[in-house]
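Just so you know, all these numbers are worked out from the coordinates, no wet-lab data involved. Fair warning: this is a prediction, and the values are worked out from it, not measured in the lab. Neighbour counts are summed over all protein chains in view; Cβ atoms, including those assigned to glycine, are modelled from backbone coordinates with ideal geometry.
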Amino acid sequence: MSEKPAKTALTPATHTTPPAKFSHGVRKGNILQVAGQVGFGPAVEGQAPTPVGPGLREQTLQTLANVDAILKEGGASWEDAMMIRVYLTDTAHFAEFNEIYNEYFTFLQQAPAARTTVYVGLPAGLLVEIDALAVLG
Amino acid sequence: MSEKPAKTALTPATHTTPPAKFSHGVRKGNILQVAGQVGFGPAVEGQAPTPVGPGLREQTLQTLANVDAILKEGGASWEDAMMIRVYLTDTAHFAEFNEIYNEYFTFLQQAPAARTTVYVGLPAGLLVEIDALAVLG
Amino acid sequence: MSEKPAKTALTPATHTTPPAKFSHGVRKGNILQVAGQVGFGPAVEGQAPTPVGPGLREQTLQTLANVDAILKEGGASWEDAMMIRVYLTDTAHFAEFNEIYNEYFTFLQQAPAARTTVYVGLPAGLLVEIDALAVLG
């Protein structure tokens, strides 16, 4: 504990450059914060990022994969996630979202993260955005 | 500090099972995160959770009680809360919400938590959702 | 690490009294949380707080200055920021907001904070609200 921990940007190779001066994720000491992720497919050089599908399922799975990549880049996993913030655009999506969420997280062995789900506006074409706070063990 | 802290799910007896694979709260080391709580009354076996009242006052007080139960389950209290996130559905509720909030928190002896209040969509019948981040002393 | 860290309220002299029992910011140990800030100009005694301008640029720069004042009050800086939450009211503001954000943060030497941007309702006249979580080195 005598040396100051550095703040490290977490930038998976699959991710496009953020559209502004922020990091996809940062880690400092045992705290890891993942920025809001959406359903963009893997970065293609010279192309603007686009969501993987118009549907909630495809976008949710891709969004979760994008969060996962950042956790891994920082030496963490979903088991370390303390809080997952979910932003949907339509309350009618809640039940389907939960089905997808539960299927995705069947592998969890530790207590699942806490979660808050609220309904907001997102840029056109996006149905879901997710960020996460992790505390490494 | 030599042993890795475990992540523990915080599940007060009064709470219904979450509608998806998330925890009402989690604690790991000195960090405690409470999931988004709403004004659901105490769990009744075999019944779907319902808000305690149609009004902002009843729902807010129940929501705060639900957050409180999770903090306590994790060995914490409101005095440890660093951040309280408040989601309302109508900007016209801000003044009344603050009145209720101030009455509720008269007991605080330490600095009150920081707070962010924004206006979002919530499932039908819900007027308020609150989550909290606490750091234990 | 033998003494329990105290929770300290961070109240810059420029800030008006919060409209409810919350702190503009709190620090406990190495964790600093800034409450949701908006584009209110410096406090004038006896006057209700008002946003500095009707436009996104003025409000954003003032909001960032207000967050900055709280970070400094807690002995931190933007270099310590892990997460910046941005609440806008209109998806049409995203591009202009990012321009202003990038100009503002040109001085950063460490990895920029992670960020989540969502579109919510805010009280009349407000176009942007920002909060931040920092971990001190």
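Assign one of three labels to the protein assembly as shown, namely rounded, prolate or oblate, based on the Cα gyration tensor with a ≥ b ≥ c the square roots of its eigenvalues; rounded applies when a/c is under 1.5, prolate when it is not and a/b is larger than b/c, and oblate otherwise. It comes out rounded by the Cα gyration axes. Label points for B:LYS21 are taken 7 Å from Cα along Cα→Cβ. From this copy to the others they lie 4.0, 4.0 nm apart, shortest first. Cross-link check: pairs B:LYS4/C:LYS21; A:LYS21/B:LYS28; A:LYS28/A:LYS72 evaluated at a Cα-Cα cut-off of 24 Å; pairs beyond the cut-off: B:LYS4/C:LYS21; A:LYS21/B:LYS28. In chain A, the calculated helix contribution to ellipticity at 222 nm averages -7000 deg cm²/dmol per residue, counting -39,500 (n - 2.57) for every DSSP H run with n ≥ 4.
For the protein assembly as shown, the residue among A:GLY41, A:GLY53, C:VAL34 whose Cα projects farthest onto the positive side of the dipole built from Cβ charges is C:VAL34. Between copies, the label points of C:GLU99, set 7 Å from Cα on the Cα→Cβ line, lie 4.4, 4.4 nm apart, reported in increasing order to one decimal in nanometres. Taking the axis that rotates chain C onto chain A, the chain C residue nearest to it by Cβ, with the distance rounded to whole Å, is C:VAL120, 3. Of all beta bridges that DSSP places with both ends in the range A:7-135, some 75 percent have antiparallel geometry. Result for chain A in a Gaussian network model with C-alpha springs under 10 Å: among A:GLU99, A:GLU73, A:GLU58, the largest mean-square fluctuation is at A:GLU99. Binning the alpha carbon pair distances of chain C at 5 angstrom intervals from zero yields the distribution 2, 10, 20, 23, 20, 14, 7, 2, 1, 0, 0, expressed in whole percent. Taking the Cβ-Cβ separation of A:LYS21 and C:THR91 as r and a Förster radius of 22 Å, what is the calculated FRET efficiency to the nearest 0.05? Rounded to the nearest 0.05, the efficiency is 0.65. Residues whose amide H lies under 5 Å from that of C:GLY25, counting only those 5 or more places away or on a different chain, are C:LEU10, C:ALA35; hydrogens are built 1.01 Å from N in the peptide plane. Each other residue within a Cβ distance under 14 Å of A:ALA69 adds +1 if Lys or Arg and -1 if Asp or Glu, for a net charge of -1. Computed from backbone phi, the HN-Hα couplings of the range C:37-54 come to 10, 10, x, 6, x, x, 4, 10, 4, x, 10, 5, x, 9, x, 5, x, x Hz, rounded to whole numbers (Karplus: 6.51 cos²θ - 1.76 cosθ + 1.60, θ = phi - 60°; Gly and Pro given as x). Each Lys and Arg contributes +1 and each Asp and Glu -1, all at the Cβ; summed about the Cα centre of the protein assembly as shown, the dipole is approximately 880 debye.
Summing Lys and Arg as +1 and Asp and Glu as -1 over all other residues whose Cβ lies under 12 Å from the Cβ of C:PHE22 gives a net charge of +2.
Shape class for the range B:64-134, computed from the alpha carbon gyration tensor (a ≥ b ≥ c): prolate, with a/c not under 1.5 and a/b above b/c.
What whole number of Å gives the distance from the Cα centroid of the range B:82-137 to the Cα centroid of the range A:37-60? Here the two parts' Cα centres lie 34 Å apart.
To the nearest ten degrees, helix C:94-104 and the longest principal axis of the Cα atoms of chain C are 50 degrees apart.
Around the Cα centre of the range C:7-135, unit charges on the Cβ atoms of Lys, Arg, Asp and Glu (plus for the first two, minus for the last two) sum to a dipole of about 500 debye.
Looking at the square roots a ≥ b ≥ c of the eigenvalues of the Cα gyration tensor of the range C:18-65, which shape do they give, rounded for a/c under 1.5, prolate if a/b is larger than b/c, or oblate? Judged from the Cα gyration tensor, the range C:18-65 comes out oblate (a/c at least 1.5, b/c at or above a/b).
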